[in-house]
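Colleague: This is the structure I want to talk about, given as structure tokens.
Read-outs throughout are calculated quantities, based only on the coordinates presented, and are distinct from any laboratory measurement. This one's a predicted model, so the numbers in the text were calculated from it and none came from an experiment. Methodologically, a virtual Cβ is constructed for each residue, glycine included, from the backbone with ideal geometry; neighbour enumeration extends over all protein chains shown.
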Amino acid sequence: MVKAMPILPLRARRLSGRALLLLFAVLVCAAPCVFAVQEPWSAVGPDGGDARSLAGVPGQPDHIYMGSTDSWIYESLDGGLSWHRLARLDASGELIVDHILVDSVHPAVLYAGAWTVGHPDGGVWISHDAGHTWKAVADMRGQSIRALVQAPSNPRVLYAGAMGGVFRSADAGLSWTLISPPGSLEIHEIESLAVDPRDSGVVYAGTWHLPWKTFNAGKNWASIKQGLIDDSDVFSIVLDPVNPDTVFLSACSGIYKSENGAFLFRKIQGIPSSARRTRALRQDPVHRNIVYAGTTEGLYKTVDGGATFQRMTGPGVIVNDVYVDANNPGRVLLATDRGGVLLSRDGGRSFTPSNQGFSGRKVEALLVDSTHPARFYAGVVNDKTYGGVFVSSDSGATWSQIADGLDGSDVFALAQAPDGTLLAGTNRGLFLLDPPAAGALRWMPTGAVQNFVLRQSTVLLRRRRIAVQTSVKDTPGQIQGHVYALNLSGQAWLASTSTGLFTSRDHGATWQGGPVLGAAGYLSVAVQGATMAAAQRSSLVLSTDAGRLWMPVPLPAAITRIDALAFSPGRTLWLVGREGVHLTRDLGKTWLWINRLPLRDINDVYYDPAQGRVLVSSRSSDLVFSLDPQRLDWTWLQTGWHLSLIRSAAGRLVAASLYDGVVVQPRAQSARAASQ
């Protein structure tokens, strides 16, 4: 049995720098083999997020793979009704898995093409065991792969489109060669590819600035822009499998069709012109006149070979890929932004979410109900109407969305008062969760600001004018803008916003406040009774009278970035950031640095009252450290996930991962920790 390893307390003998490095290496390199395999933390939701690509296994209509935006590949064995994490292409979590290919001859062989946001990176990966393990192809390491196709007439031939051009493999992906002209000013930034099913050397390439075609595997290239609006970004190319001279092409300027092998295109007028982008074209494998167009403003469908198109979903659906079941063409799956996978059983006339087991959410706020520890609330960002707040009453097994009233707001903070009142801090101010009405929950805007200001006036007294100051109510307003942090546990409620610090002493009916010491945008707050603390990246303020008066707190010179604050009993204030963990037991008069903790760049700190421990986590590590607030020794756990928030639910740890939603500690692991 593996147990969390106790580390020397702060009062123990000093270790040399080399010894500390060796100790840390042992901790983070040796132990992961045990925890990652035997007791991984489970990702439990909320369901949904960004899905990028879909691929089916030939002859197995219920076996489908999905690519995500955080390096994960998912698998479904029931036709997309449910999903499970299959493998991660790399540990960075930054890969956009835009293409998955299932080998047409050997279905256990898979290919994946990926890229990253913000910098040129990515590559091609191959699996020979149905996706359970993957290996990066050396020739393509660092290439930003935007297209990946297999030649129908010769499965050993593959083509990849990258920012630098078109690459070809003749040995089933083991080695690759650039076949577009090196340094070409025209054939680069390849977004789409298609291969003629009759000839593996005939390839169509769509760039960010018009399409090209080669008849001899890249020895020569010809421009095929006739009929296209100049400088069209070409997102997708589809060839009719029976008559490959029929070519559909989607571009930023619309959808085009050619019936002579792309020598001449004509624009299809079925989709109204606007700022939409058609990211994916997919032809029905049985009914070839049916073509689906997945756009940034919904799914369109033509049943007459492109003469007319009809929109099948609402305009808010952003479609990244379309999958049509070859055995049952009425079953259509969409990979979408924010909404995850949508499933239709009637040829696209209606869709329902199909995301059980798939969570690609970015959770910025995580709250465990104070009276029902199996109830979790998760606030998400970037998901608009698909996001808001999600609640689970069974420790993450199932979730339901609570978004009514938020109008697509991002949720950055959640807090609960002792009486159960729940507030959400968003990018559009404060919202209060209204009690259920007719079985529905709804968020209501709140945060009425009523400040008192001193106004000076003069009065005439015995023929002399005397200046007086009176306290009057200022013009009422509303807390608006970004809410960074909330705490409702003290003598007054505290909210940190982009316009300052605000407190409420009447259960949120009215708020008072504004900039503190001339500053706003305090990113973290902590409250214990009447004592309040709020931190910016490089400064700290404190109040001992529930927010009526704030004063600056001197910080050690070594602190260069503050990320989070928390109080433990006895008004011990914990401060974490780039330099690790600091604490003060006298409200900032003196500070103690836990310099033996083998982790820096800590982003979250939380006091767990059930265990009487302080928990810290880092976005750059998958370790959680649990500190004794008196002895200052600690234990650690490996989660298998990089975390943004760590909380406790009746002794069991629950956390927000960076991009994979909420993760929970195995029950057996928490039970062992409690018995130690």
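Colleague: For the chain, compute Rh as the Kirkwood radius over C-alpha pairs and then the Stokes-Einstein diffusion coefficient at 10 °C and 1.306 mPa s; write the answer in µm²/s, rounded to an integer. Present the calculation step by step, with values, prior to reporting the outcome.
Modeller: Values: Rh = 27.8 Å.
For the chosen part, D equals 57 µm²/s.
Colleague: At 222 nm, what helix-only mean residue ellipticity would the chain give, in deg cm²/dmol to the nearest 500, using -39500 (n - 2.57) for each DSSP H run of four or more? Mind dumping the intermediate values first?
Modeller: Values: 3 runs with 25 residues, N = 676.
It lands at -1000 deg cm²/dmol.
Colleague: Okay, next question. Multiply the residue separation of L523 and N260 by 0.36 nm, subtract the distance between their alpha-carbon atoms, and state the gained length in nm to one decimal.
Modeller: Working: separation 263, 0.36 × 263 = 94.68 nm, distance 6.03 nm.
My answer for the length gained is 88.7 nm.
Colleague: What's the FRET efficiency of A170 with Q60 using the Cβ-Cβ distance as r and R₀ = 25 Å, to the nearest 0.05?
Modeller: Working: r = 27 Å, r/R0 = 1.10.
Efficiency computed from Cβ-Cβ geometry: 0.35.
Colleague: For the stretch 530-676, report the translational diffusion coefficient in µm²/s to the nearest whole number, using Stokes-Einstein at 20 °C, 1.002 mPa s, and a Kirkwood Rh over Cα pairs.
Modeller: Details: Rh = 15.8 Å.
D = 136 µm²/s.
Colleague: Now for a separate question. What is the mean projected area of the alpha carbon convex hull for the stretch 369-455, to one decimal in square nanometres?
Modeller: Details: hull surface 29.1 nm².
Mean shadow area of the hull around the Cα atoms is 7.3 nm².
Colleague: For the stretch 82-141 and the stretch 282-323, what is the centre-to-centre distance using only Cα atoms, to the nearest Å?
Modeller: Cα centroid of the stretch 82-141 versus Cα centroid of the stretch 282-323: 26 Å apart.
Colleague: Can you work out the FRET efficiency for the pair A509 and A397, with r the C-beta to C-beta distance and R0 = 35 Å, to the nearest 0.05?
Modeller: 0.45
Colleague: How big is the stretch 277-410 on each of its three principal axes, counting only the C-alpha atoms and giving the largest first in Å?
Modeller: Principal axes ranked by extent give 59, 29, 19 Å for the Cα atoms.
Colleague: Taking the number of other C-beta atoms within 10 Å as the exposure measure, put W212, W134 in order starting with the fewest. Please list the in-between numbers first.
Modeller: Working: W212 22, W134 19.
Listed from fewest to most nearby Cβ atoms, that is W134, W212.
Colleague: Can you give me the Kirkwood hydrodynamic radius for the stretch 85-169, using every pair of distinct Cα atoms, in Å to one decimal?
Modeller: On the way: mean 1/r = 0.0776 Å⁻¹.
It is 12.9 Å.
Colleague: For R600 and A668, calculate 0.36 nm times their separation in residues minus their Cα-Cα distance, and state this gained length in nm to one decimal.
Modeller: Details: separation 68, 0.36 × 68 = 24.48 nm, distance 2.85 nm.
This chain segment gains 21.6 nm when fully extended.
Colleague: Further question on the same structure: Mind checking the log10 I(q)/I(0) for the stretch 138-212 at q = 0.20, 0.26 Å⁻¹? Debye, one equal scatterer per Cα, no solvent, two decimals.
Modeller: Per q value, in the given order, log10 I(q)/I(0) is -0.77, -1.24.
Colleague: What is the distance, in nm, between label points placed 7 Å from the Cα along the Cα-to-Cβ direction at S42 and at L592?
Modeller: It works out to 3.8 nm between the two label points.
Colleague: Return the distance in nm (one decimal) between the two label points of a simple spin-label model at R85 and L658, each offset 7 Å from Cα along Cα→Cβ.
Modeller: 1.3
Colleague: Okay, next question. Hey, could you pull the Cα Rg and Dmax for the stretch 176-256, both in Å?
Modeller: For the stretch 176-256, the Cα-based Rg and Dmax read 12.0, 36 Å.
Colleague: List every residue whose amide H lies under 5 Å from the amide H of S644, counting only residues 5 or more places away in sequence or on a different chain, with H placed 1.01 Å from N in the peptide plane.
Modeller: Here the answer is A656, S657, L658, since their amide H atoms fall under 5 Å of that of S644.
Colleague: What is the sum of charges, Lys and Arg at +1 and Asp and Glu at -1, for the other residues whose Cβ falls under 13 Å from the Cβ of W493? Walk me through the numbers before you get to the answer.
Modeller: Numbers: positive: R505; negative: D419, D506.
Charge balance in the 13 Å sphere: -1.
Colleague: In addition: Once phi is turned into θ = phi - 60°, what whole-Hz ³J(HN,Hα) does the Karplus curve with 6.51, -1.76 and 1.60 give for every residue of the stretch 307-317, x standing for Gly and Pro?
Modeller: Couplings: 5, 9, 10, 10, 7, 9, 10, x, x, x, 8 Hz.
Colleague: Under a plain spin-label model, where a point goes 7 Å from the Cα along Cα-to-Cβ, how far apart in nm are A374 and S104?
Modeller: 5.2
Colleague: While we're here: Roughly how many debye, to the nearest 20, is the charge dipole of the chain about its Cα centre, given +1 on each Lys and Arg Cβ, -1 on each Asp and Glu Cβ, and no other charges? If you can, show how the numbers build up before the last one.
Modeller: Working: 60 positive and 55 negative charges, 542 e Å.
My answer is approximately 2600 debye.
Colleague: Turning to a different aspect of this structure: Between R442 and F215, 0.36 nm times their residue separation minus their Cα-Cα distance comes to what? Please list the in-between numbers first.
Modeller: Values: separation 227, 0.36 × 227 = 81.72 nm, distance 5.99 nm.
Separation in residues times 0.36 nm, less the Cα-Cα distance, equals 75.7 nm.
Colleague: Along each of its three principal axes, how wide is the spread of alpha-carbon positions in the stretch 589-676, in whole angstrom units, largest first?
Modeller: 38, 30, 20
Colleague: Ratio to report: Rg/Rh of the stretch 57-114, with Cα atoms as the point set and Rh obtained by the Kirkwood method; give two decimals. Don't skip to the answer; put the middle values down first.
Modeller: Values: Rg = 11.4 Å, Rh = 11.7 Å.
Radius of gyration relative to Kirkwood radius: 0.97.
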